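Remarks on the structure that follows.
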Amino acid sequence: MDFALTEEQVLMQDSLKSFALNELLPKYAHWDRTGQFPAELWPKLGEMGAFALRVPEEHGGGAYSYLDAGLTIEQIAKGDFNLCYGILNACFCGDILSRFASPALCETWLRPLAAGDIAMCVCLTEPHCGSDAASIRTCAVRDGDDYVITGEKSSVTLLMAGSAAVLFAKTDPDKGARGVSAFLVPLDGPGLSKTRYADMGARGIVRGSLFLDNVRVPATSMIGPENAGFSQVMATFDYTRALIGLMCLGAAEQTLEETVGYVKQRQAFGQPVSKNQGVSFPLAEAKARLEMLRWLCYRTLWLRDAGLPHTAEAAMCKAEGPALCADVIRDCMVLHGHYGYTQDYPVEQRYRDVLGQIIADGTPQIMKMIIARHMLGREFA
Ligand SMILES: Cc1cc2nc3c(=O)[nH]c(=O)nc-3n(C[C@H](O)[C@H](O)[C@H](O)COP(=O)(O)OP(=O)(O)OC[C@H]3O[C@@H](n4cnc5c(N)ncnc54)[C@H](O)[C@@H]3O)c2cc1C
């Protein structure tokens with residue numbers, strides 16, 4: 001058993017952390033207060049390789065492992081949690097395209113994605129269904145050399161900034177999960193319209209709804225074979241759920257570090273407040289719990305790198321990780337006293353931002369169903 005990261009991975013962590021703290025953290029609150037999309041940071045993150053993590057070298061990416069992607073997202077989250085949505089989507093789209101799409105489709109979309117010239121979205125959820133994703137109603141009907149797509153997609157992260165989406169639609173509506181296909185849909189064509197949500201967090205990133213009214217895409221836009229989309233998306237979630245655990249971990253670790261500094265200098269009853277076990281024990285507990293989360297997530301990504309099963313482990317990262325990190329950040333907010341509740345410190349924003357990831361990519365209930373199925377067998381769970 002070898003827990004050591006390689007020398008390159010340690011160097012990568014160090015340079016990403018310093019980039020996150022020096023270049024991202026100072027403007028983290030700005031994007032929240034203005035609701036502005038952090039467009040100026042996209043090419044910078046592209047230069048750092050943050051969008052190239054699942055793009056093959058022949059399409060402008062790098063030779064990164066799944067674990068490398070996890071190490072990256074964890075460090076970037078220390079500076080700006082919300083930029084990690086861009087990395088997450090780039091990993092999702094890069095992984096699904098490079099594994100299942102034609103080389104031509106990959107070349108068109110992955111090169112600009114890796115460079116940070118574009119952002120991409122993932123469109124699965126619909127107004128009537130999220131957890132029960134096999135029930136989507138958006139339909140793609142074959143018409144000559146094209147597919148014509150009609151329907152509504154909700155909760156689309158990065159919708160306003162995205163140039164294209166990996167979109168899931170029914171190509172055989174009577175077949176449930178076995179009738180879903182994946183498409184690459186450019187987001188600037190005729191028949192498309194969008195509305196934006198007013199979210200409690202991740203405000204610069206902006207989620208929204210996408211309406212498709214007879215949107216025509218070439219049949220070559222299909223990702224992989226017809227009706228294979230559901231298994232593709234589930235296999236990709238097995239990866240992004242571990243990334244989400246690490247993204248939340250990065251935000252919680254940074255908050256913990258800031259809180260340690262705060263409680264050592266804040267005085268009450270003639271001594272630093274850190275001298276009270278009521279203050280130091282929650283910090284110690286948080287440290288221990290975050291360490292457990294880190295190794296669960298790293299191991300899940302290591303299993304994926306090794307080509308070993310990791311569906312249950314990925315669900316564990318997602319079931320426990322975001323909620324644990326939100327709890328840690330809330331405790332840290334309390335340890336800042338009334339200042340923690342103000343916008344003077346990043347802790348209140350991190351709390352709002354992290355909460356969304358408890359729901360995104362599958363709720364804790366759905367994750368527990370997956371874990372239980374693996375423990376008990378499908379017929380008993
Ligand atoms: C910040 C954020 C970003 C997102 N980004 C995207 C994106 O980019 N693209 C995209 O497609 N989607 C995105 N989503 C949507 C997300 O994937 C869904 O919200 C999620 O899967 C839950 O679906 P739902 O909201 O429809 O809830 P529902 O499925 O309606 O569930 C409602 C509640 O019932 C519970 N529930 C449902 N079924 C069961 C069951 N069988 N047993 C126990 N409890 C159950 C759920 O856990 C939940 O608490 C995002 C969501 C958030 C919050």
- aspartates and glutamates with Cα under 12 Å of residue 27, excluding same-chain neighbours fewer than 8 positions away: 40, 80
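Divide, for segment 240-289, the radius of gyration over alpha carbons by 2.2 N^0.38 Å, where N is the residue count.
Ratio of Cα Rg to 2.2 N^0.38 Å: 1.39.
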- Item | Rg(Cα)/(2.2 N^0.38 Å) for segment 285-340, N = residue count | 1.41
- Message: Probe of 1.4 angstrom, ligands and nucleic acids ignored: what's the accessible area per residue over the chain, in square angstrom?
- Response: 43 Å²
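Calculate what fraction, in whole %, of the accessible area of the chain sits on carbon and sulfur atoms when a 1.4 Å probe is rolled over the protein chains. Walk me through the numbers on the way to the answer.
Values: 9170 of 16570 Å².
Of all accessible area on the chain, carbon and sulfur atoms account for 55 percent.
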- Query: Largest first, how would 289, 196 line up by accessible area (1.4 Å probe)?
  - Reply: 196, 289
- Just how many % of Cα pairs in segment 230-376 lie over 22 Å apart, if you round to the nearest whole percent? 44 percent
- Message: Taking just the alpha-carbon atoms of the chain, what radius of gyration and Dmax come out, in angstrom?
- Response: 21.0, 80
- Query: So for segment 66-193, taking the charge dipole from beta-carbon charges (+1 Lys/Arg, -1 Asp/Glu), which of 193, 113, 70 sits furthest toward the positive end?
  - Reply: 70
- Message: Spelling out what I want: for every residue of segment 359-370, take phi, set θ = phi - 60°, compute 6.51 cos²θ - 1.76 cosθ + 1.60 (Karplus), and round to whole Hz; glycine and proline get x.
- Response: 8, 4, 6, x, 6, x, 4, 5, 5, 5, 4, 5
- Each residue of segment 111-125 in turn: what ³J(HN,Hα) in whole Hz from Karplus with 6.51, -1.76, 1.60 and θ = phi - 60°, glycine and Pro shown as x? 4, x, 5, 5, 6, x, 7, 9, 10, 10, 10, 10, 10, 10, 4
- Query: Ranked by accessible surface with a 1.4 Å probe, highest first, in what order do 299, 241, 178 come?
  - Reply: 178, 299, 241
- Let me know the charge dipole size of the chain about its Cα centre in debye, to the nearest 20, where only the beta-carbon of Lys, Arg (+1) and Asp, Glu (-1) is charged. 900 debye
- Task: Kindly provide the pair-distance distribution of segment 211-265 built from C-alpha pairs, with 5 Å bins from 0 and whole-percent values in order of increasing distance.
- Result: 4, 14, 12, 11, 12, 10, 9, 8, 7, 6, 4, 3, 1
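Over every pair of different alpha-carbon atoms in segment 7-117, take the mean of 1/r and invert it; report that Kirkwood radius in Å. If you can, show how the numbers build up before the last one.
Working: mean 1/r = 0.0709 Å⁻¹.
The answer is 14.1 Å.
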- Task: Return one number: the angle in degrees, 0 to 90 and rounded to the nearest 10, between the long axis of the Cα atoms of helix 311-335 and the longest principal axis of the Cα atoms of the chain.
- Result: 40 degrees
- Report residue 57's accessible area, 1.4 Å probe, all protein chains in place, as a number in Å² to the nearest 10. 120 Å²
- Note on the structure: Reduced to Cα centres, the span from segment 295-343 to segment 14-80 in Å works out to 19 Å
- The aspartates and glutamates whose Cα lies under 14 Å from the Cα of residue 194, excluding any fewer than 8 residues away in the same chain, are 126, 152, 213
- Message: Please compare each pair in 44/318; 170/368; 17/153 to a cut-off of 32 Å on the Cα-Cα distance and tell me which ones are over it.
- Response: 17/153
- In the full protein assembly as shown, how much of residue 351 is accessible to a 1.4 Å probe, in Å² to the nearest 10? 50 Å²
- Message: Keeping all protein chains in place and using 1.4 angstrom, which order do 338, 310, 30 fall into by accessible surface area, from largest down?
- Response: 338, 30, 310
- Note on the structure: Given backbone amide H placed at 1.01 Å from N, residues whose amide H is under 5 Å from that of residue 126, ignoring those fewer than 5 places away on the same chain, are 154
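The values are calculated or read from the model by the stated rules, or taken from the named source; none is laboratory data. All values derive from a computational prediction rather than experimental measurement. All Cβ positions, even for glycine, are placed from backbone atoms using ideal geometry, and neighbour counts span all protein chains on display. Quick note on the areas: whole protein, heavy atoms, side chains included, nothing else; ligands and nucleic acids left out. Shrake-Rupley method; radii C 1.70, N 1.55, O 1.52, S 1.80 Å.
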